[in-house]
1. Distance from a point 7 Å along Cα→Cβ of Arg64 to each backbone N in the stretch 19-33: keep the residues under 11 Å and list them by number.
2. Nothing charged except the Cβ atoms of Lys and Arg (+1) and of Asp and Glu (-1): what's the magnitude of the dipole of the stretch 12-73 about its Cα centre? Round to the nearest 20 debye.
3. With 20 Å as the cut-off, how large is the P(r) tail for the stretch 12-73, expressed as percent of Cα-Cα pairs?
4. Mind giving me the FRET efficiency for Ile37 and Arg57? R0 is 30 Å, r the Cβ-Cβ distance, nearest 0.05 is fine.
5. As a footprinting exposure proxy, order Thr22, Thr69, Thr41, Thr49 by other Cβ within 10 Å, with the fewest listed first.
6. Applying the Karplus parametrisation 6.51 cos²θ - 1.76 cosθ + 1.60 with θ = phi - 60° to the phi angles of the stretch 56-65, what ³J(HN,Hα) value in whole Hz is obtained for each residue in order, glycine and proline being reported as x?
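Values in this text are rule-based calculations from the coordinates and carry no lab data. All values reported here derive from a predicted model rather than from experimental measurement. As a convention, Cβ positions derive from the backbone with ideal geometry for all residues, glycine included, and neighbour counts pool all protein chains shown.
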Amino acid sequence: MHLPNREDFGMNGNAFLLDTNTVIALLRGESGIRKSIAPATWLGIAVITVIEFNSFRALIDEDRHLFQTFCSQAR
């Protein structure tokens, strides 16, 4: 796990902590979000996002796997 250092959070806009709605939209392929986070040097996911996503009862295995893959690539 890579923890950001002070430089990651400067006014350069290169660090993003994604909330649940943003992760869902990103996994759906919304191009506006992809463009917004493209220059990111650090992507994080809040713990509450992981809990909310995994506690959704109607979540299918394919989506759960996609989310787990995404989480493993976030820093």
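1. Answer for this model: none.
2. Values: 5 positive and 6 negative charges, 29 e Å.
In debye, rounded to 20, the stretch 12-73 gives about 140.
3. Details: 426 of 1891 pairs.
The calculated P(r) of the stretch 12-73 puts 23 percent of pairs beyond 20 Å.
4. Details: r = 28 Å, r/R0 = 0.94.
Rounded to the nearest 0.05, the efficiency is 0.60.
5. Numbers: Thr22 18, Thr69 10, Thr41 14, Thr49 21.
Exposure proxy ranking, most exposed first: Thr69, Thr41, Thr22, Thr49.
6. Result, ordered by residue: 5, 5, 8, 5, 8, 4, 4, 5, 4, 5 Hz.
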